[in-house]
């Protein structure tokens, strides 16, 4: 915990100590509304790994979400305690300690998990034996990302094994193509999701051919959800980053049906050194903004390029335009758009919510560091 607060509610933005994570509430709320409208007939289950913040999850449910996704079981516990009662952990659960926690949480809320191997089914069936509530189990299908996921042949056998296991309910197919979210052209994304949809539909038909129903096919992210929505295959979408948007997602070419979301998440930083006219050094480095998807950009300043990050420093190149009147001085406040919002949020204990230039609320990143 910080030894002093970065700000108080009511403070002007200029008074916020830096580095700090800021949320533009107006842009955030417009993003919520746009997704609620764009989801249309689909079940909306946003991914909470993007924000790790219960207040945001509650806002998403208020705007029509049926529940949320988490990537880690420990995250799910945090959100359940905050009142979210329908959570899908989009991951395989392994390890004796964690499996015991699955049962504990499944007896409190509607909990779902993924499997892609028969050992997962056996372990879950063992831990859920005798439970008064069933655990929702989805077969994760490899739809082209080359990460986790069963083959088409394995998927049918896994569905049958789940259906035959006491304490487990076959809840559907998880068909998420993570890599496709960041394919730059609309055509590339469309081709990837066309493949994913075809594979999911094929497995659904094969499962139904052995006498079982497939309740839900779920997947999709901020970069592709319009394609899954219109595919006729998916019933549920899992976008996460739409509430914030980051530099990497903004680099995607928008397709005809794609929805344009606004940048709402920023890292506030101050210039702490001007070693030369061409360089400004800010107090936001690797510990303030994740650079796994590239360096952040300086919001509203085409003349400033964030070129290098070390632990506690960011180096900004000042591109002179013939005048120094607008060059940043020591102590000046700048706003960075992070390259990747998810790991950037995980660097902070709180999100400072601003509206019309003042701090309106401070929300806790309660699931920060939940990696179990």
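Worth a mention:
- Theoretical ellipticity at 222 nm over the chain - DSSP helices of four or more residues, -39500 (n - 2.57) apiece, nearest 500: -8500 deg cm²/dmol
- The stretch 25-246: C-alpha gyration tensor shape, a/c 1.5 cut-off, then a/b vs b/c: oblate
- Among 307-318, 95-106, sorting by the average number of other beta carbon atoms lying within 10 angstrom of each residue, highest first, gives 307-318, 95-106.
- The ranking of 216, 139 from fewest to most other beta carbons within 10 Å of each one's beta carbon is 216, 139.
- Ordering 58-67, 253-262, 178-187 by mean Cβ neighbour count within 10 Å, with the highest value first, yields 58-67, 178-187, 253-262.
- Relative contact order computed over the stretch 111-155 (Cα-Cα under 8 Å; 6+ residues apart), in percent: 43
- Going from the fewest other Cβ atoms within 10 Å to the most, the residues 165, 273, 74 appear in the order 273, 74, 165.
- The stretch 25-246: relative contact order in percent, alpha carbon pairs under 8 Å with at least 6 residues between: 19
- Cβ crowding within 10 Å, taken as a proxy for footprinting-reagent exposure, orders 34, 189 from fewest neighbours to most as 34, 189.
- Here the label points at residue 310 and residue 2, each 7 Å from Cα along the C-beta direction, are separated by 2.4 nm in the simple model.
- Part-to-part distance (alpha-carbon centres) for the stretch 254-333 and the stretch 148-184, which is given in Å: 41
- Fraction of beta bridges assigned by DSSP in the chain that are antiparallel (%, nearest 5): 50
Every number here is computed from the coordinates shown, using simple stated rules; none is lab data. Owing to the predicted nature of the structure, the values given are computational and were not obtained by experimental measurement. Note: ideal-geometry Cβ built from the backbone for every residue, glycine included; neighbour counts use all protein chains shown.
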